[in-house]
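Following: one structure in structure tokens, then a few remarks.
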Amino acid sequence: MTGALLEVHNLTITFNPPGGVPVPAMRGLSFTLQRGETLVLVGESGSGKSASALAVPRLLPKGTRISGSIRFLGQELTGAPEPEMRALRGNRIGMIFQEPMTALNPLHRVGDQIGETLRVHRGLNTADVRARVLALMAEVGIDRAAERLSAFPHQLSGGQRQRVMIAAALACDPDLLIADEPTTALDVTLQAQTLALLKRLQAERGLGILFITHDFGVVRRMADTLAVLRRGECVEIGPAAHVLTQPQADYTRTLLAAEPSGRPTPVSNAAPVVLEGQNLSIRFGARRWWGGAATGHLAVDDMSLSLRAGETLGVVGESGSGKSTLGLRLLRLLRGGGRVHLLGQDLDALPRSALRAARRQMQVVFQDPFGSLSPRLSVGEIIGEGLTVHPDDRDPAAAIAEALADVGLDPAMADRYPHEFSGGQRQRIALARALILRPQVLILDEPTSALDRSLQGQLIDLLRDLQATRGLAYLFISHDLAVVRALSHRLIVLKDGKIVETGATEAVLTCPQHPYTQALLAAADL
């Protein structure tokens, strides 16, 4: 179609890992995107969504073979010289990557990273860059923008890092925005705000958006055209309203029907307490002047909780509310006020050697799977690393194969590396690494955020089965209230570092008492 913003015809992508077997990622994808239109790619993890999007600005790994045609404003990109592509990336074509902690440079302040494209493509001076960056940070909902301008990525929450990525992608007013799971790390209220922001910017600027997601709630809010991908093929494409209400492909109908279901198995009141936190607090940037009070940001403020064997305690709240910081405090990866007891042991009183031994019983799955997996180690080495620290009588190779099978991955994948997997597959690798030591407590920080609904259901079923057979206790951190309801026995709601509501999950979700909980539920549309 003439005049289209982006035309993709018969796109075929094949990965060629060094010394490995070629892996087809996409076969024969065709679509057209107009100015002011949103085309959404949806499908399960590994369906080729991200690969197809990365092919447009030519950001796929070296050696990847691409055939077909990709035309942006009439310019053919598949064979364009690299200088021409550099002039487009970050300028005419903006990109929001799936994993902000991986995409952001850990050694550079976030303000500098947002402003980089303004210096490169617009030639702005320091004062103008600062003013524009502050305006962008405020526009995407980053509070205390002037203060966070000088922050490093690790000092921000997952949701705040995602908003930094959005601000950087929009800095040069691009014609095309490629958004790869841009709301994955956001709670439901901020997700709604972010989608509304993108729609407003689209209307004001005529922005074309190529949007990747696994969340059909997001699809319903954003999509003009919907393409459903499965195993590297487009099984259905058309106007979103038609595909959502009258799907033609069996796979589309399966995706639409996949929602977290079921409820956790009740826990006996006699079950022992395995993890307990008393009056926990964490203050970042703390300074205490002579005779004065401590300064800094109080991220966790006097929280107390307990967790029984076989129980799941859900932790929900907006980005920056203290969810992940609470998990790190319980693991004693951050020091702070209060006490943590694991299986009767006071973790804060243990020397380093005893603390290392105790941690075998409490493992963690971090929010960002790619950031927590070493790119230099194979999957088998990553999963088996815990056995080198905490050896037992099992054969390591057999234990690694068992852990991979437990999370639904082929044990033959043990020799591959993290970059060869999709985001959802990497999350399951992180879960396998946590399970291999057979702990009694798992701290799960957004373990389903990178998974499509069908795989979320599989992971929930897996976690329930493991809990039933092994008596595992879970601290389940999430912003997805549908997943929390399906897995959690009890729930605590956090806001600004404080617990504002707690109780049995169904009681909190059906009869919320605090106005903030009520606002979360209204945004989630449960």
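The figures follow:
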{"item": "Pairs where the first residue, in the stretch 133-148, is in contact (Cβ under 8 Å) with a residue 24 or more places away in the chain and the second is open to solvent by 60 Å² or more (accessible area, probe 1.4 Å) and not hydrophobic (A, V, I, L, M, F, W, C), C-beta under 6 Å, 6+ apart", "result": "Gly141/Gln193"}
{"item": "Tally of residues being more than 29 Å from Leu334 (Cα to Cα) and in contact with a helix residue (DSSP H, G or I) (Cβ under 7 Å, 6 or more places away or on another chain) across the stretch 141-175", "result": "6"}
{"item": "The stretch 359-400 - residue that is open to solvent by less than 60 Å² (accessible area, probe 1.4 Å) and among the hydroxyl-bearing types (Ser, Thr, Tyr) and, of those, nearest to Ala103 (Cα to Cα)", "result": "Ser372"}
{"item": "The lone exception for Pro391 - which of (1) modelled with pLDDT under 90; (2) more than 22 Å from Phe15 (Cβ to Cβ) it fails", "result": "(1)"}
{"item": "All positions within the stretch 344-379 that are touching a residue at least 40 places away in the same chain (Cβ under 8 Å) and touching a strand residue (DSSP E or B) at 6+ places or on another chain (Cβ under 6 Å)", "result": "Met362, Gln363, Val364, Val365, Phe366, Gln367"}
{"item": "Scan of the stretch 426-451 for residues that are among the small types (Gly, Ala, Ser) and open to solvent by less than 10 Å² (accessible area, probe 1.4 Å), ordered by number", "result": "Ala430, Ala432, Ala434"}
{"item": "Per-region count, the stretch 234-259, residues more than 21 Å from Arg27 (Cα to Cα) and hydroxyl-bearing (Ser, Thr, Tyr)", "result": "2"}
{"item": "Filter result for Ala271 (modelled with pLDDT under 90 and not hydroxyl-bearing (Ser, Thr, Tyr))", "result": "no"}
{"item": "Odd one out for Leu275, checked against (1) touching a residue at least 24 places away in the same chain (Cβ under 8 Å); (2) surrounded by fewer than 19 Cβ atoms within 10 Å (Cβ to Cβ); (3) in a strand (DSSP E or B); (4) not charged (D, E, K, R)", "result": "(2)"}
{"item": "Filter pass, Ser50 being open to solvent by less than 60 Å² (accessible area, probe 1.4 Å) and in contact with a Ser or Thr (Cβ under 6 Å, 6 or more places away or on another chain)", "result": "no"}
{"item": "Residue within the stretch 350-357 that is within 21 Å of Ile499 (Cα to Cα), out of contact with any Pro (no Cβ under 7 Å at 6 or more places or on another chain) and open to solvent by 10 Å² or more (accessible area, probe 1.4 Å) present", "result": "no"}
{"item": "Subset of the stretch 27-44 (residues that are in contact with a Lys or Arg (Cβ under 9 Å, 6 or more places away or on another chain), crowded, with 21+ Cβ neighbours inside 10 Å and either modelled with pLDDT of 95 or more or not in a strand (DSSP E or B) (or both))", "result": "Thr38, Leu41, Glu44"}
{"item": "Those residues of the stretch 408-451 which are aliphatic (A, V, I, L, M) and either more than 18 Å from Ser374 (Cα to Cα) or not in a helix (DSSP H, G or I) (or both), in sequence order", "result": "Leu409, Ala412, Ile436, Leu437, Val441, Leu442, Ile443, Leu444, Ala450, Leu451"}
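The values are calculated or read from the model by the stated rules, or taken from the named source; none is laboratory data. None of these values were measured; they are calculated from a predicted model. Cβ coordinates were reconstructed from backbone atoms using ideal geometry, including for glycine residues, and neighbour counts include every protein chain displayed. In case anyone asks, the SASA skips ligands and DNA or RNA and just uses the protein heavy atoms, side chains included. Shrake-Rupley method; radii C 1.70, N 1.55, O 1.52, S 1.80 Å.
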